[in-house]
Structure formats: C-alpha cells, structure tokens
Amino acid sequence: MKTRTLRYLSLFLAVATLCGSSSIADTLTTSAGASYDGRIYKILEQVVYMKVGEETVEVALADLDAASKAAAQAWADENPQSVDVYTKWDTQPRIKSSAMPFLPEEFHNPEFKGMVAVDLVLNEAGQVIHASVKKSTHEGLEAPSLEAAKTWIFEPAQVGGKPVKSKLRVPFKFVYTPTDQPAG
C-alpha cells in the first residue's frame, strides 16, 4: 500500500512539474551562462522573444544552451501560430476568397449591432492556419465569425520578395437587415 501511494505521489509530482513548468514561466540559459525567467511569446528569424517582468528580451536561438534550445523548440511545437509570423511586410496579404459569417437568429432585431475582431495567422501559401477572437461584443457571434474566417484564402504577405507567414486582424460588423420586406 505504501509503495503504491509513493508511486502515485511520484507520478503526480512528475505530471505537475511537467504541466506547471510550461504554464508558469520559461527559463532559458545562454551558452555563456546568462539566464532569463519569463514567458516566450514569439520566435522570429531564429530569435526568441520573451517577456521578463515588464521588459522584452530577445535571445538568438544559436546563443542558447542545449536544454534551452530544446525548451524553445518544444514551445515552438506547441505554438506554431507564434513562430516565424510577420506583422510587418513589404507586401501585405490580399484577400483572394472570402465568406461572410451568418447572423444567428437570436440577433434578428432591426436595432441590433455587433462586432467581432478575429486575429488570423496565414501560412506562406495564404491559407488560414490559426484564428482566434481578439474582441467581441456578443459571444454568440464568435463561432460564426471564426468559421467564416477560417475559409478565407489570401495572396500571402511578402518580406524580401518571399512569401511569409503573417498575422492580421479582420473585423466583422453585424447588423440585422431583414431579407423579406413587406410590399407597400
């Protein structure tokens, strides 16, 4: 009984350590010994960007020790929408194909107005690979906005003449317009 309890406790601590380390903070150490405790928020052009307190720290992947490189790669695997994604381009993405979200029936009121801002991450081919709601006036508008945005296709953004992953925000504005108007 005691052995089984110790085994479960050890398993619990191992899982808690694994889960807790990624949700609390990231610690990265350079080959030269400098250590940074903070939160990784993006990786762009082989540079890791972290929030350390109120400061932003940039550390080249090549300067990290082996364990920190592995930690940065694990973060990148879990957060592909934040790796090598550009927000400034030489050529901005252009819409090739789009669909508008439907207005759910619960909002069919002539005085209704609503808005959802959707952040999109596009791959190098201009396809939406990640969509998330940044701001919304009504929770019931979020799902239709995300569904519509995920179908959009763009000409990709370009940096240095090459297509790149990019991030942009698309605002959807909703108003109710009756389709059947009474004659007269």
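The values are calculated or read from the model by the stated rules, or taken from the named source; none is laboratory data. The structure presented is a predicted model; accordingly, all values stated were derived computationally and were not measured. Reconstructed Cβ throughout: ideal geometry from the backbone, glycine too, with neighbour counts over all protein chains shown. Protein only, heavy atoms only, side chains kept; ligands, DNA and RNA dropped before computing areas. Shrake-Rupley method; radii C 1.70, N 1.55, O 1.52, S 1.80 Å.
Which number in (1) more than 18 Å from SER82 (Cβ to Cβ); (2) within 19 Å of the chain's Cα centre (by Cα) marks the one condition that PRO156 misses?
(1) is the only condition that PRO156 fails.
What is the one condition in (1) polar (S, T, N, Q); (2) touching a residue at least 24 places away in the same chain (Cβ under 8 Å); (3) open to solvent by 50 Å² or more (accessible area, probe 1.4 Å) that GLN73 does not satisfy?
(2)
Mind checking which residues of the stretch 39-59 are assigned to a strand (DSSP E or B) and farther than 15 Å from SER82 by Cα?
To start, the set of residues in the stretch 39-59 that are assigned to a strand (DSSP E or B) comprises 39-44, 47-52, 55-59.
Selection gives VAL52, GLU55, THR56, VAL57, VAL59.
With modelled with pLDDT under 95 and open to solvent by 30 Å² or more (accessible area, probe 1.4 Å) as the only criterion, which of GLY184, GLY160 stands out?
GLY184
Among (1) open to solvent by less than 90 Å² (accessible area, probe 1.4 Å); (2) modelled with pLDDT of 95 or more, there is one condition THR27 misses while meeting the rest; what is its number?
Single failed check for THR27: (2).
Listed residues ALA67, ALA71, ALA62; which is touching an Asp or Glu at 6+ places or on another chain (Cβ under 8 Å), farther than 30 Å from PHE172 by Cβ and assigned to a helix (DSSP H, G or I)?
Details: ALA67 fails: touching an Asp or Glu at 6+ places or on another chain (Cβ under 8 Å); ALA62 fails: touching an Asp or Glu at 6+ places or on another chain (Cβ under 8 Å).
Just one listed residue meets the conditions, ALA71.
Taking the residues in the stretch 134-145 that are within 17 Å of the chain's Cα centre (by Cα) and over 13 Å from LYS173 (Cα atoms) as candidates, determine which candidate is most open to solvent (accessible area, probe 1.4 Å).
Of the residues in the stretch 134-145, the ones within 17 Å of the chain's Cα centre (by Cα) are 134-136, 142-143, 145.
Imposing the further condition that a residue be over 13 Å from LYS173 (Cα atoms) reduces the set to 134, 143.
Working: LYS134: 127, ALA143: 55 Å².
Here the residue is LYS134.
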